[in-house]
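Everything below concerns the one structure shown next.
The values are calculated or read from the model by the stated rules, or taken from the named source; none is laboratory data. What you see is a predicted model, and the numbers here were worked out from it, not measured in a lab. Only protein heavy atoms, including side chains, enter the accessible area calculation; ligands, DNA and RNA are left aside. Shrake-Rupley method; radii C 1.70, N 1.55, O 1.52, S 1.80 Å.
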Amino acid sequence: GESVGLHLPTLSVQEGDNSIINCAYSNSASDYFIWYKQESGKGPQFIIDIRSNMDKRQGQRVTVLLNKTVKHLSLQIAATQPGDSAVYFCAENNRGFQKLVFGTGTRLLVSP
Amino acid sequence: DSGVTQTPKHLITATGQRVTLRCSPRSGDLSVYWYQQSLDQGLQFLIQYYNGEERAKGNILERFSAQQFPDLHSELNLSSLELGDSALYFCASSGQAGQGTGELFFGEGSRLTVL
């Protein structure tokens, strides 16, 4: 069945460190993956996406890695800042299902 | 600001009642999605409309219904409310018909509390 899970519910880092948020998915037919950031009291905000024909994609301070062999997705945030403190969700889409399946989220806490 | 507007931001009501949540998508976006987020839970997809027609359905209860109007705004109707319906309800929009073809733009949500 479809399921998207996260290894760690809370990740605490120091300002300036690199953060890595992990996500496991079980649907091998998923062909599109997205990371969203949700700050307290706000709606999720798109960070970066990646298609299954890629294994890495970089954005501004963020990198998403996709390992289809072990069905694992990660979000790397470079030089983490206090403003990065939020809940991060990964989501997967199997084009046949026409819907995004979201994980339960990882809370990132950044200490100054 | 995502450009997606949701009203009301907060709503408190009693069990058995009915409420309507409203969403205005980003200008030009044809797709509207509704998600439910319970405390410490992920986002559960409820339903999607594209240009006025139902496009995809998720785990939406029979007590819930939605529609998208000709001006593209959407309403989510929740009836016979139960305590477990208390949650954040998010609306999102996109310019695409499918969810696998681009980012979704989320509103700030409507927080429903059922007492």
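Rounded to the nearest 100 Å², what is the sum over both chains of accessible area buried where B meets A, with a probe of 1.4 Å?
Result for this pair: about 1600 Å² buried.
Rounded to the nearest 10 Å², what accessible area does A:His72 have for a 1.4 Å probe in the complete protein model?
Surface open to solvent at A:His72 totals about 40 Å².
Enumerate the amide H contacts of A:Thr80 below 5 Å, restricted to partners 5 or more residues apart or on another chain; note that Pro and chain-start residues carry no placed amide H.
A:Gly16, A:Asp17, A:Asn18, A:Ser19
My understanding is that a pair violates if its Cα-Cα distance is over 23 Å; which of A:Lys56/B:Lys57; A:Lys71/B:Lys57; A:Lys71/A:Lys99 do that in this structure?
In this structure, A:Lys56/B:Lys57; A:Lys71/B:Lys57 lie more than 23 Å apart at Cα.
Can you tell me which of B:Asp85, B:Asp29, B:Asp71 moves the most in a GNM of chain B? Springs connect C-alpha atoms under 10 Å apart.
B:Asp71
Just need the relative contact order of the range A:34-94 here, percent rounded to a whole number, with Cα pairs under 8 Å and 6+ apart.
36 percent
Pairs of Cα atoms under 8 Å, at least six residues apart: use those to get the relative contact order of chain A, whole percent.
Worked out over chain A, it gives 37 percent.
Give the span of chain B's Cα atoms along each principal axis, as three whole-Å numbers ordered largest to smallest.
Answer, in whole Å and largest first: 37, 26, 23 Å.
Kindly identify residues of the range A:40-61 having a loss of at least 40 Å² in accessible area between the isolated chain and the assembly of all protein chains, probe radius 1.4 Å.
A:Pro44, A:Phe46
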